[in-house]
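Please read the structure below before turning to the comments.
Taken together, the values in this text are just the output of simple stated rules run on the coordinates, not laboratory data. These numbers were taken from a predicted model, which means no experiment stands behind them. Cβ placement follows ideal geometry from the backbone for every residue including glycine, while neighbour counts extend to all protein chains displayed.
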Amino acid sequence: KNIVILISGRGSNMEAVVRACAAEQWPARVAAVISNKADAKGLEFAKAHGIPTAVVSNKDYPTRDAFDAALQQVIDGFAPDLVVLAGFMRILTATFVEHYAGRLLNIHPSLLPLFPGLDTHRQALDAGVLEHGATVHFVTAQLDHGPVVAQARIDVRPGDTPDTLAARLLSEEHKLYPYAVRLFVEDRLSIVDDGVVIAEANK
Ligand code: GRF
């Protein structure tokens, strides 16, 4: 299967997926890493690992529709079975999302449905929750909604700041996202009603 990963910055989740795909010999390959920012750090890792990269800058397009259409064309050039959003900081149009229905995953740093949107660690601290986490979900037109594939949880500790929470959660994300992507490429995920059913591994 062909995986295309979209990033906007550091790309540490992309890196975790690339490493797991190779180390665990998934029935898949990362066909491309695409960024909306030319200076995204993650592009360097992708290039160093021989993965084709592309930049589609949202600044080059007058509207969200035009940007998404251009992005879609570049993505589809890599014939993706799965598109993985990994710190991709653009809201996508309904047309784009529908084009990839059932094959578009995102990781969001909260226990959805809690704390959609930005500043999730700050939101969690302000709400006083004892537990925080990250969610991998299929993307639907409604931002940070969509069928949940898997979640990782961490305790909130006294003295935590948004930065300490983010750092502790990130290492969980680096296990969670490869786990979820692997389930997809092994054809073990089905969307039933608004949820996700995970099939057992083939022996
Ligand atoms: C992660 O915390 C992810 O959950 C959020 O943005 C961050 C991206 O980090 N969507 P990286 O670019 O994968 O290092």
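Every residue in segment 100-134 that is more than 13 Å from the chain's Cα centre (by Cα), of a type in the set (D, E, K, R) and more than 12 Å from the ligand (Cβ to nearest atom), please.
Answer for segment 100-134, where residues must be more than 13 Å from the chain's Cα centre (by Cα), of a type in the set (D, E, K, R) and more than 12 Å from the ligand (Cβ to nearest atom): Arg122, Asp126, Glu131.
Are there any pairs, at least 6 apart or on different chains, whose C-beta atoms fall under 7 Å, with the first in segment 2-22 and without any contact (Cβ under 8 Å) to a residue 12 or more places away in the chain and more than 21 Å from Val74 (Cα to Cα) and the second more than 10 Å from the ligand (Cβ to nearest atom) and not in a helix (DSSP H, G or I), and if so, which?
Between residues of segment 2-22 that are without any contact (Cβ under 8 Å) to a residue 12 or more places away in the chain and more than 21 Å from Val74 (Cα to Cα) and residues that are more than 10 Å from the ligand (Cβ to nearest atom) and not in a helix (DSSP H, G or I), there is no close pair.
Which of the residues belonging to segment 23-55 are touching a residue at least 60 places away in the same chain (Cβ under 8 Å) and under 18 Å from the mean Cα position of the chain (by Cα)?
Here is the first cut: in segment 23-55, the residues touching a residue at least 60 places away in the same chain (Cβ under 8 Å) are 24, 26-28.
Trp26, Ala28, listed by residue number.
State all residues of segment 93-121 that are of a type in the set (S, T, N, Q) and surrounded by fewer than 20 Cβ atoms within 10 Å (Cβ to Cβ); if no residue qualifies, say none. Don't jump to the end; show me each part of the working.
Let us first name the residues in segment 93-121 that are of a type in the set (S, T, N, Q), namely 93, 95, 106, 110, 120.
Within segment 93-121, Thr93, Thr95 meet the criteria.
Is it the case that some residue within segment 106-121 is of a type in the set (D, E, K, R), out of contact with any strand residue (DSSP E or B) (no Cβ under 8 Å at 6 or more places or on another chain) and farther than 21 Å from Ile191 by Cα?
First, pick out the residues of segment 106-121 that are of a type in the set (D, E, K, R): 119.
Next, only the ones that are out of contact with any strand residue (DSSP E or B) (no Cβ under 8 Å at 6 or more places or on another chain) stay: 119.
Still in the list and also farther than 21 Å from Ile191 by Cα: 119.
Yes; the residues of segment 106-121 include at least one that is of a type in the set (D, E, K, R), out of contact with any strand residue (DSSP E or B) (no Cβ under 8 Å at 6 or more places or on another chain) and farther than 21 Å from Ile191 by Cα.
Quick one: which strands (runs of 3 or more DSSP E) sit completely within segment 110-203 and have at least 3 residues that are without any contact (Cβ under 8 Å) to a residue 40 or more places away in the chain and over 21 Å from Ala16 (Cα atoms)? Break it down into steps so the answer makes sense when it comes.
On the way: elements: 131-138, 148-155, 189-192, 195-198.
Result: empty, no element qualifies.
Taking segment 135-173 as the search range and keeping residues that are at positive phi and away from the ligand (no atom under 12 Å from the Cβ), which one is surrounded by the most Cβ atoms within 10 Å (Cβ to Cβ)? Break it down into steps so the answer makes sense when it comes.
Keep residues of segment 135-173 that are at positive phi, which gives 144, 146, 159.
Still in the running and away from the ligand (no atom under 12 Å from the Cβ): 146, 159.
Values: Gly146: 23, Gly159: 6.
Among those that are at positive phi and away from the ligand (no atom under 12 Å from the Cβ), it is Gly146.
Taking segment 35-81, which residues are in contact with a Leu (Cβ under 6 Å, 6 or more places away or on another chain) and hydroxyl-bearing (Ser, Thr, Tyr)?
Answer for segment 35-81, where residues must be in contact with a Leu (Cβ under 6 Å, 6 or more places away or on another chain) and hydroxyl-bearing (Ser, Thr, Tyr): Ser35, Thr53.
Are there helices (runs of 4 or more DSSP H) fully within segment 1-99 with at least 2 residues that are within 16 Å of the ligand (Cβ to nearest atom) and more than 19 Å from Val149 (Cβ to Cβ)? List them. Give the steps one after another, and end with the answer.
Working: elements: 12-23, 42-48, 64-76, 94-99.
Fully inside segment 1-99 and qualifying: 12-23, 42-48.
What number of residues within segment 25-40 satisfy the criterion of being in contact with a helix residue (DSSP H, G or I) (Cβ under 9 Å, 6 or more places away or on another chain) and farther than 12 Å from Val185 by Cα?
Step one: list which residues in segment 25-40 are in contact with a helix residue (DSSP H, G or I) (Cβ under 9 Å, 6 or more places away or on another chain), which gives 26-30, 32-37.
Keeping just the survivors that are farther than 12 Å from Val185 by Cα gives 32-37.
Total satisfying the criteria: 6.
Out of the residues in segment 174-193 that are among the β-branched types (Val, Ile, Thr) and over 15 Å from Trp26 (Cα atoms), which is nearest to the ligand (Cβ to nearest atom)? Give the derivation first.
Just the residues of segment 174-193 that are among the β-branched types (Val, Ile, Thr), to begin with: 181, 185, 191-192.
From what's left, over 15 Å from Trp26 (Cα atoms): 191-192.
On the way: Ile191: 21, Val192: 25 Å.
That would be Ile191.
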